[in-house]
Amino acid sequence: AEADDDKDEL
Amino acid sequence: MNIFRLTGDLSHLAAIIILLLKIWKTRSCAGISGKSQILFALVFTTRYLDLLTSFISLYNTTMKVIYIGCAYATVYLIYMKFKATYDGNHDSFRMEFLVVPVGGLACLVNHDFSFLEILWTFSIYLESVAILPQLFMISKTGEAETITTHYLFFLGLYRALYLFNWIWRFYFEGFFDMIAIVAGMVQTILYCDFFYLYVTKGQGISL
């Protein structure tokens, strides 16, 4: 993930 | 969301609930590493700080809150409520041997040198090794109760399913996150020896 991506995974 | 991700999350949830219920029902945390549970609480705390900054989905928020809540509840049961049953003498793995190198690595290898991103990276790295105090404790006492092995099975299965999730996401979404993938592989590999014992013995493990 890029830093500005929302982190959807747990 | 795909089937591997969903079953991975549910497997993770099952592991956490199994452990919490085991301690609650037996009124005992014998054989459980409090240090691993402290590390998991630290993992969730540092990873889910984005609860405060961004909303992704109801599912995402709900699961994060449940994971964090259960992690702290477990630590509370071990170190406060059922402290008398905690087997501290056998839980002798030094947490700083994991936290310090993992913290250093998170500062060196990350996607972005920002506060939240480094904490997220720290949590990914730390999660991959957080079970070591528990595995160390089992190797020291030479045994694990059946229910404890179920806990470990679901906890290990969760990250293995996430590996399939990442393969899926790479093929169908072109998405990959090298930090999560490598740490996930390390995490899954740590469970392989345990998986073997779990499948071949099926019951409580005695080495």
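Where a number appears in this text, it was derived from the coordinates with a stated rule and is not lab data. What you are looking at is a predicted structure, and each value in this text was computed from that prediction instead of being measured. Virtual Cβ from ideal backbone geometry, glycine too; neighbours counted across all protein chains shown.
What the table shows:
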quantity: Selection from B:N2, B:N89, B:P101, by position along the positive dipole direction of chain B (Cβ); calculated: B:N89
quantity: For B:E143, distant residues with modelled amide H under 5 Å away; calculated: B:L207
quantity: Part-to-part distance (alpha-carbon centres) for the range B:146-161 and the range B:83-127, which is given in Å; calculated: 20
quantity: Rg over Rh, two decimals, the range B:42-126 (C-alpha only, Kirkwood Rh); calculated: 1.05
quantity: For q = 0.08, 0.13, 0.15 Å⁻¹, Debye-computed log10 I/I(0) when each Cα of chain B counts as one equal scatterer; calculated: -0.27, -0.73, -0.98
quantity: Cβ crowding within 10 Å averaged over residues, with B:152-160, B:3-11, B:55-63, B:132-140 ranked highest first; calculated: B:152-160, B:132-140, B:3-11, B:55-63
quantity: Enclosed volume per residue, in Å³, of the convex hull spanned by Cα atoms of the protein assembly as shown; calculated: 118
quantity: Anchor B:K25: lysines whose Cα lies under 24 Å away (excluding residues fewer than 8 positions away in-chain); calculated: B:K35, B:K81, B:K83
quantity: Within-13-Å neighbourhood charge of B:T26 [Cβ basis; K, R +1; D, E -1]; calculated: +3
quantity: Taking B:L119, B:L21 and counting other C-beta atoms within 10 Å, the order from fewest to most; calculated: B:L21, B:L119
quantity: Summed side-chain charge close to B:L207 - residues other than B:L207 whose Cβ falls under 13 Å, Lys, Arg +1, Asp, Glu -1; calculated: 0
quantity: Relative contact order (%) - criterion: Cα under 8 Å, at least six apart; region: the range B:57-207; calculated: 24
quantity: Degrees between helix B:58-76 axis and first principal axis of chain B (Cα, 0 to 90, nearest 10); calculated: 30
quantity: Peptide B:111-118 - average C-beta neighbours from other chains (10 Å radius); calculated: 2
quantity: Alpha carbon convex hull of the range B:83-124, projected area averaged over orientations, nm²; calculated: 4.0
quantity: Per-residue Cβ neighbour rank within 10 angstrom, fewest leading, B:R47, B:R169, B:R94; calculated: B:R94, B:R169, B:R47
quantity: Radius 11 Å from Cβ of B:G184, net charge of other residues (Lys, Arg +1; Asp, Glu -1); calculated: -2
quantity: Value of Rg/Rh across the range B:1-45 [Cα atoms, Kirkwood radius]; calculated: 1.07
